[in-house]
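All remarks here apply to the structure that follows.
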Amino acid sequence: MRVVHTGQEEELPEKPLLEHVYDLLETIRRILILHVAFILLLLLAPAPNELPRSYYPILFYAMNITKTYMLDFQNNLFAYPFAKLFGVTGSSVVLIAHGWFDSLTASLYLAALITIAFLAPVTVYYLYKFIEPGLYSHEKRIVKKYIYISLGLFLSGVIYGFFVVMPIVFATAVWIATLGGASLFFSIEEFYNDIFIGSLATGVFFMFPLALLTLHKIGIVNYETLNKNWRIIVFAGYTFLALITPDPTPFSDLALGIPFVGLYFLSMWLIKRAEEKEKH
């Protein structure tokens with residue numbers, strides 16, 4: 001552990017390993033308590049616009065808004081071009097519950113997504129406070145910069161995944177279902193589970209520049225390598241997206257591929273700036 005004293009950093013006695021473990025567990029405990037409390041708040045708090053006529057939990061109100069946004073292809077800015085191409089703009093999707101508490105389970109998926117995104121800054125703050133005592137002042141500046149970048153990229157990815165990628169995925173899924181002659185009845189639990197996984201996965205995917213910056217810091221990649229081989233890397237990225245995207249068609253690949261190219265060139269720019277600073 002290090003502290004600043006009279007303008008200089010002094011070395012303090014290192015904590016025992018077990019004490020570090022206790023601190024980590026305490027940090028995790030606080031984060032979990034906050035997340036559980038926020039989820040409970042979403043489950044129990046009433047929707048203001050429904051009061052005083054009836055008690056309508058705000059989370060279930062958000063579920064209905066989400067369903068309308070995702071499945072109203074006629075009025076969804078991002079899904080409409082694909083739905084029109086597939087001929088499913090007027091399709092009516094029905095979400096069904098296979099069990100007594102499927103709607104509750106589905107609501108927890110949406111609650112978890114909202115909670116993770118909303119409390120991401122708080123989560124990052126607690127994690128930073130845990131590692132801060134072991135950092136020098138110049139290390140703190142670097143870590144803070146990485147934290148701001150990673151948080152911004154993650155939240156941008158979650159928002160993009162929710163509002164752009166998932167409506168396109170569902171429009172494609174409906175088209176595939178109609179091709180097979182299936183009725184458009186889908187599980188409400190699977191619907192919100194797909195939204196949860198798809199949005200968070202996109203958030204993690206958007207942190208791609210941070211991974212490249214880390215590889216640059218440890219000397220594995222540099223700007224010249226990325227600039228010289230950008231076509232190969234972009235092609236490899238598209239191939240990877242084809243393997244991990246939720247549907248087998250190229251449409252969700254396109255929705256993720258366009259920002260991937262932008263993120264790649266953003267990474268190149270950040271690495272170029274870092275190299276210029278290192279030269280000075």
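Tabulated data for the structure shown
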quantity	calculated
Flagged links, alpha-carbon separation over 31 Å, of LYS67/LYS140; LYS140/LYS272; LYS129/LYS217; LYS145/LYS228	LYS67/LYS140
Full-extension gain in nm, GLU132 to LEU266, via 0.36 nm per residue minus C-alpha separation	45.4 nm
Kyte-Doolittle mean at least 0.0 and Cα axial length at least 30 Å: DSSP H helices in the chain	17-44, 137-160, 250-279
The chain, relative contact order in percent, only Cα pairs under 8 angstrom and at least six apart counted	20
Heavy-atom accessible area per residue - the chain, 1.4 Å, Å²	59
Cα gyration tensor shape of the chain, rounded if a/c is under 1.5, else prolate or oblate by comparing a/b with b/c	oblate
Protein accessible area in the chain, 1.4 Å probe - carbon and sulfur %	68
Residues TYR55 and THR225, FRET efficiency given R0 of 51 Å [Cβ-Cβ distance, rounded to 0.05]	0.30
Rounded if a/c under 1.5, otherwise prolate or oblate - region 95-159, Cα gyration tensor axes	prolate
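The values are calculated or read from the model by the stated rules, or taken from the named source; none is laboratory data. These figures come from a predicted structure and were not determined experimentally. Ideal geometry is used to build each Cβ from the backbone, glycine not excepted, and the neighbour counts take in all protein chains shown. Just so you know, the surface numbers come from the protein's heavy atoms only, side chains and all, with ligands and any DNA or RNA stripped out. Shrake-Rupley method; radii C 1.70, N 1.55, O 1.52, S 1.80 Å.
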